[in-house]
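Novice: This is the structure, below, for whatever I ask next.
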Amino acid sequence: MQNARTISRPVKSDGAIREPETARPLVHVLADSSDKLSGICSILEQQFAVAGERLDAEAKLSQVPFAIIIRAELRDTGNIAAIKKRAARLAKATKRIFLVEHSSHVSISQAYALGATLVLPGTINKIKLLAALTDPAELASASSSDTPQSDNAVEAAATAIASMFTAVALGEPLDVDGTKEAGRKIAERITEHGLSEWLATVRRHHEGTYQHCLLVTGVAIDFGLSLGVGRADLERLYSAAMFHDIGKAQIPRAILDKPGRLDADERAMIETHPAAGYDFLKDHEKITPEILDAVRHHHEYLDGSGYPDALGAENINDVVRILTISDIFAALIEHRHYKPTMPRTEAYNILCGMTGKLEKALIISFKQVALTR
Ligand SMILES: [Fe+2]
Ligand SMILES: [Fe+2]
């Protein structure tokens, strides 16, 4: 039987073993076979210090990892017992990601019952796994061992957003269907529980660009529902919202998440994101012209003062108008650790003050979304 092994100790060109790099965050991988163990470790090694351990081995690591990844057959009672035996160690890790082989409801529930903060079912998806590990925003939720099931829906949506940004940053293919599916699930959730619950959960657990995309999608969906749009239009709206800021994937995080005012150069860089997003998506066969239009034009204003194309009202369609209002509102009510959260009333008043830029009739309809839903 193979014992615990530290995997991230590649041999240097001079033949010496490299000491574990303390600068890189430590991820601990548990699996029920050596093949699974080495497969997952090889995915993670480029970005993390990795330690692997088979579930049937007795092993203890001296360092507490920030994340534990578990890949095991959860219908096997021996595996469940082995995971339970490590419960104390598991609880210390901020992220506990279960890669569940069978995407049955039973296996997924079992993973959450064993303390998962996130479950990724089915075949292992490198992008999703790396995205789940690099999303810095879910620390708050992941550190709680009693994360309610409903919050896991938010985590899954956040993972879809994070996957999208990671794919762009790494130049890997984009999972368009997966992203749209996450949008559909947000629509389901908001239809069932309302917008306020969505806003509160997202703001509690997420920061920065991922939080923003989740909030914009939620607000746009609820705006669409309140306007009584049909299913096809609702799908256009949430798809556009999920992708709208994808161009930010190439902007340094330090600028995106900078507290306080941006200087002129930083602002100019931020303003490249609609055209960059358009360029990135334009040749993608599954991206519709409507999504492309929304990605490129969600910062345009009816009076021609927006960017990148200074479009006038006649060239800005309804999906884009709804998205722009949702985008501004979501940006205003975002939770940032360095400033108090703006109340929804105040945010709505700011929208009302943007005379000539946003459609007045839509702003009036938006009132109930902003204030009461
Ligand atoms: Fe934007
Ligand atoms: Fe945005």
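Novice: Being open to solvent by less than 70 Å² (accessible area, probe 1.4 Å), away from ligand 1 (no atom under 13 Å from the Cβ) and among the small types (Gly, Ala, Ser) is the filter here, so list the residues in the range 247-260 that pass it. Let's see the steps before the verdict.
Specialist: Step one: list which residues in the range 247-260 are open to solvent by less than 70 Å² (accessible area, probe 1.4 Å), which gives 247-249, 251-252, 255-258, 260.
Still in the running and away from ligand 1 (no atom under 13 Å from the Cβ): 252, 255, 257-258, 260.
Of everything in the range 247-260, just one residue is open to solvent by less than 70 Å² (accessible area, probe 1.4 Å), away from ligand 1 (no atom under 13 Å from the Cβ) and among the small types (Gly, Ala, Ser), namely GLY260.
Novice: Look at THR209 and say whether it is among the polar types (S, T, N, Q), assigned to a helix (DSSP H, G or I) and either free of Cβ contacts under 8 Å to residues at least 40 places away in the same chain or under 25 Å from LYS367 (Cβ atoms) (or both).
Specialist: Details: among the polar types (S, T, N, Q): yes; assigned to a helix (DSSP H, G or I): yes; either free of Cβ contacts under 8 Å to residues at least 40 places away in the same chain or under 25 Å from LYS367 (Cβ atoms) (or both): no.
Spelling it out, it is not the case that THR209 is among the polar types (S, T, N, Q), assigned to a helix (DSSP H, G or I) and either free of Cβ contacts under 8 Å to residues at least 40 places away in the same chain or under 25 Å from LYS367 (Cβ atoms) (or both).
Novice: Which ones in the range 198-221 are in contact with a strand residue (DSSP E or B) (Cβ under 8 Å, 6 or more places away or on another chain) and either more than 16 Å from ligand 2 (Cβ to nearest atom) or among the β-branched types (Val, Ile, Thr) (or both)? I'd like the intermediate steps shown before the answer.
Specialist: Taking the range 198-221 as the starting set, the residues that turn out to be in contact with a strand residue (DSSP E or B) (Cβ under 8 Å, 6 or more places away or on another chain) are 207.
Those that are in contact with a strand residue (DSSP E or B) (Cβ under 8 Å, 6 or more places away or on another chain) and either more than 16 Å from ligand 2 (Cβ to nearest atom) or among the β-branched types (Val, Ile, Thr) (or both): none in the range 198-221.
Novice: Filtering the range 285-310 down to residues that are of a type in the set (A, V, I, L, M) and farther than 17 Å from LYS357 by Cα, which residue is farthest from ligand 2 (Cβ to nearest atom)? Lay out the reasoning, then the answer.
Specialist: Within the range 285-310, the subset of a type in the set (A, V, I, L, M) is 287, 291-292, 294-295, 302, 310.
Still in the list and also farther than 17 Å from LYS357 by Cα: 287, 291-292, 295.
Details: ILE287: 17, ILE291: 14, LEU292: 16, VAL295: 10 Å.
Of everything passing the filter in the range 285-310, ILE287 is farthest from ligand 2 (Cβ to nearest atom).
Novice: While we're looking at this one, here's another question. Does GLY224 satisfy the condition of being open to solvent by 30 Å² or more (accessible area, probe 1.4 Å), away from ligand 2 (no atom under 16 Å from the Cβ) and closer than 19 Å to ILE186 by Cβ?
Specialist: Criteria not met by GLY224.
Novice: Further question: Can you find, within the range 227-246, the residue that is surrounded by the fewest Cβ atoms within 10 Å (Cβ to Cβ) among those that are in a helix (DSSP H, G or I) and free of Cβ contacts under 8 Å to residues at least 12 places away in the same chain?
Specialist: Kept after step one, since they are in a helix (DSSP H, G or I), are these residues of the range 227-246: 227, 231-243, 246.
Applying the additional criterion that residues be free of Cβ contacts under 8 Å to residues at least 12 places away in the same chain yields 231-232.
Working: ARG231: 10, ALA232: 8.
By that ranking, first place goes to ALA232.
Novice: Report yes if some residue within the range 70-84 is among the aliphatic types (A, V, I, L, M) and assigned to a loop (DSSP other than H, G, I, E, B); otherwise report no. Full working, then the answer.
Specialist: If we filter the range 70-84 for residues that are among the aliphatic types (A, V, I, L, M), which is where we start, we get 70, 72, 74, 80-83.
Filter once more, keeping what is assigned to a loop (DSSP other than H, G, I, E, B): 72, 74.
Yes, the range 70-84 contains at least one residue that is among the aliphatic types (A, V, I, L, M) and assigned to a loop (DSSP other than H, G, I, E, B).
Novice: Return only the number of the condition from (1) open to solvent by 70 Å² or more (accessible area, probe 1.4 Å); (2) within 16 Å of ligand 2 (Cβ to nearest atom); (3) basic (Lys, Arg) that LYS282 does not satisfy.
Specialist: (2)
Novice: Among (1) within 11 Å of ligand 1 (Cβ to nearest atom); (2) of a type outside the set (Asp, Glu); (3) in a helix (DSSP H, G or I); (4) over 22 Å from LEU174 (Cα atoms), where does TYR307 come up short?
Specialist: (3)
Novice: For the range 261-296: of the residues being touching a residue at least 24 places away in the same chain (Cβ under 8 Å) and over 17 Å from ALA249 (Cβ atoms), which is farthest from ligand 1 (Cβ to nearest atom)?
Specialist: The qualifying residue farthest from ligand 1 (Cβ to nearest atom) is LYS286.
Novice: If you go through the range 310-343, how many residues are touching a Phe, Trp or Tyr at 6+ places or on another chain (Cβ under 8 Å) and more than 16 Å from ligand 1 (Cβ to nearest atom)?
Specialist: 0
Novice: Is it fair to say ARG184 is within 16 Å of ligand 2 (Cβ to nearest atom), open to solvent by 40 Å² or more (accessible area, probe 1.4 Å) and in a helix (DSSP H, G or I)? Walk me through it before giving the result.
Specialist: Values: within 16 Å of ligand 2 (Cβ to nearest atom): no; open to solvent by 40 Å² or more (accessible area, probe 1.4 Å): yes; in a helix (DSSP H, G or I): yes.
No: the conditions fail for ARG184.
Novice: Listed residues PRO340, PRO308; which is free of Cβ contacts under 8 Å to residues at least 12 places away in the same chain, open to solvent by 50 Å² or more (accessible area, probe 1.4 Å) and not acidic (Asp, Glu)?
Specialist: Details: PRO308 fails: free of Cβ contacts under 8 Å to residues at least 12 places away in the same chain.
Testing whether each residue is free of Cβ contacts under 8 Å to residues at least 12 places away in the same chain, open to solvent by 50 Å² or more (accessible area, probe 1.4 Å) and not acidic (Asp, Glu) leaves just PRO340.
Novice: Given the criteria within 14 Å of ligand 2 (Cβ to nearest atom), within 23 Å of the chain's Cα centre (by Cα), farther than 27 Å from LEU199 by Cβ and assigned to a helix (DSSP H, G or I), does ALA276 qualify? Spell out the reasoning first.
Specialist: Working: within 14 Å of ligand 2 (Cβ to nearest atom): yes; within 23 Å of the chain's Cα centre (by Cα): yes; farther than 27 Å from LEU199 by Cβ: yes; assigned to a helix (DSSP H, G or I): yes.
When the stated conditions are applied, ALA276 passes them.
Novice: Looking at (1) open to solvent by 20 Å² or more (accessible area, probe 1.4 Å); (2) of a type in the set (A, V, I, L, M); (3) at pLDDT below 95, find the lone condition where LEU292 falls short.
Specialist: (3)
The values are calculated or read from the model by the stated rules, or taken from the named source; none is laboratory data. Quantities reported herein were computed from a predicted structural model and do not represent experimental measurements. Because the Cβ atoms are built from the backbone with ideal geometry, glycine has one as well, and the counts that use them run over all protein chains shown. Please note that ligands, DNA and RNA were not included when accessible areas were found on the heavy atoms of the full protein model with its side chains. Shrake-Rupley method; radii C 1.70, N 1.55, O 1.52, S 1.80 Å.
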